[in-house]
Amino acid sequence: LGLLYQEYRDKSTRQEIETRRLQDSQTDPEESSPSEETPSEAEPSSTTESKAPPQISLLRNSNSRFNLWQDLPEIRSSGVLSILQPDEIKLQEAMFELVTSEASYYKSLNLLVSHFMENERLKKILHQSEAHILFSNVLDVMAVSERFLSDLEQRVEENIVISDVCDIVYQHTVNHFSVYITYVSNQTYQERAYKQLLQDKPAFREVISQLELDPKCKGLSFSSFLILPFQRITRLKLLVQNILKKVEEKSDRETTALDAHKELETVVKACNEGVRKMSRTEQMISIQKKLEFKIKSVPIISHSRWLLKQGELQQMNGPKTSRTLRTKKLFREIYLFLFNDLLVICRQIPGDKYQVFDSAPRGLLRVEELEDQGQSLANVFILRLLENADEREASYMLKASSQSEMKRWMISLAPNRRTKFVSFTSRLVDCPQIQCVHPYVAQQPDELSLELADVLNILDKTDDGWIFGERLHDQERGWFPSSMGEEILNPKIRAQNLKECFRVHKSDDSQRRKLGSRNRQ
């Protein structure tokens, strides 16, 4: 395993993209190659027959590269490939990728600790508290990975045909993976501390630059090592999903995979919540300081409240304006803060402050799009507050700067409003799908960060290049540029993606009922 985890992960996800492209161009999904969804750039297989007892030595060989299970000389010489069914070979590849990727991940973690954290020059520059924020509990994370990898290696070496790995994943997730929650929850402070150190300590900046240039790092940045644990715990869930799609239905291995996936999902959600909680609290405090209430004051800061969207819109002037009104200045600026449970309507005033003149619970908001109203009323919609700050109904005619901005506001303000395409959870229609071919980092709260090879259902799209999507593997929703993905055109592949998604989540009945209820609304 000569690859660092960053390289391994990149090659693996790009192979997933290429596999889907190949499938999408074919009539029948079953025509794809036996090694679909397995690590990319496999080394040419060895044709030399070996009479030694089969034993997997890949994990202990630092010179080994990016191999497939079926390309290992030990596997080829054993004759097992002629006995196993194609579906079992695919399953072996999926389990093998989980093991080899953990070995690559551990190698990268080890480099983070030995090359960066334990560097003597860096130790002298950093205060103990700074080092603690920067590296957090990475030693605990590495110890957990080492123990996990050891158990996985032992399982692989028991037999050339791997019996299962999800039982090991389950045990370690339940008993040890809480260290990931601690590490990832510190991410906001970690990023801030790193930026501050680069800015305030030239000596730190110089040492980091020199360490990054070392051939061991293979051109990868220090920050790419710091985010490894979060990337790994998320990827591990996807690797278990990949195994789950390939195990026989109603088997013991399916049950074990479902259990492992459920526990991993719990950890991943806790990690996400940890990150969000840190940033949300600071954001709410900042917003509270900027608001001045012209109406009765509303307490903004709450542990259960967070910002969904904020921004400027144009409001039609006058108390009795109509849709056909044509005057010199139809609109004036207003500013909206939309939280998960509350809308606050303001006007910007000097000193980076906002004067609040109306508000309403989010559940009492309704929106209506205006169509064919001419250029001056393009991208205009009606926002109705069923009960505003004065405890009466109010309507606002609002104009957005673009079609995408109008749709984004409408979906955020009224999330149960029907989208252009029905969500995959309805099972009723063939929803358009897209796969991510360029990673994307969300810039606004209503946007969705994308990883390479993510598959999403397209719920809505705009003429100016934005898509509202729902990611299949976790049902997270949000907007992203259409240029980040490629649409999946083959209806059989789309149907296969949905079928696999339902299978992965079939054990979560409560979530299914909740999602079904959301779509009926």
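At a glance:
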{"read-out": "Inter-label distance, nm, simple model (7 Å from Cα along the C-beta direction), R503/R305", "value": "4.6 nm"}
{"read-out": "Rg in Å to one decimal, and Dmax rounded to a whole Å, for the stretch 64-288 via C-alpha atoms", "value": "20.2, 69"}
{"read-out": "The stretch 422-510: relative contact order as a whole-number percent, Cα under 8 Å and 6+ apart", "value": "28 percent"}
{"read-out": "Positive minus negative residues near S302 (Lys, Arg vs Asp, Glu; Cβ under 15 Å)", "value": "+3"}
{"read-out": "Area accessible to solvent at S304, 1.4 Å probe radius, in Å²", "value": "70 Å²"}
{"read-out": "Computed lengthening from L81 to L291, 0.36 nm per intervening residue step minus Cα-Cα distance", "value": "68.8 nm"}
{"read-out": "Whole-Hz couplings from phi, Karplus 6.51/-1.76/1.60, listed for the stretch 333-345; x for Gly and Pro", "value": "6, 9, 10, 10, 10, 10, 9, 5, 9, 8, 10, 10, 10"}
{"read-out": "Ranked packing of 178-185, 257-264, most packed first, by mean Cβ within 10 Å", "value": "257-264, 178-185"}
{"read-out": "In Hz, Karplus ³J(HN,Hα) per residue of the stretch 114-120 (6.51, -1.76, 1.60; θ = phi - 60°; x = Gly, Pro)", "value": "6, 8, 9, 4, 9, 5, 5"}
{"read-out": "Calculated from backbone phi, Karplus (6.51, -1.76, 1.60) coupling profile of the stretch 454-470 in Hz, x at Gly/Pro", "value": "4, 10, 10, 7, 8, 8, 7, 8, 10, 6, 9, x, 10, 10, 9, x, 10"}
{"read-out": "Stretch gain in nm, segment E476-E393, where the contour uses 0.36 nm per residue and the Cα spacing is subtracted", "value": "26.6 nm"}
{"read-out": "Sequence-distant residues sharing a close amide H with L343 (under 5 Å, placed H)", "value": "A360, R362"}
{"read-out": "Compactness relative to 2.2 N^0.38 Å, alpha carbon Rg of the stretch 422-510", "value": "1.04"}
{"read-out": "Length added when fully stretched, D214-I349, from 0.36 nm per residue minus Cα-Cα", "value": "43.4 nm"}
{"read-out": "Amide proton proximity set for D464, modelled H, under 5 Å, gap of 5+", "value": "S404"}
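The values are calculated or read from the model by the stated rules, or taken from the named source; none is laboratory data. If you're wondering where the values come from, they're calculated on a predicted model, not measured in any experiment. Reconstructed Cβ throughout: ideal geometry from the backbone, glycine too, with neighbour counts over all protein chains shown. With ligands, DNA and RNA removed, areas are computed over all heavy atoms of the protein, side chains included. Shrake-Rupley method; radii C 1.70, N 1.55, O 1.52, S 1.80 Å.
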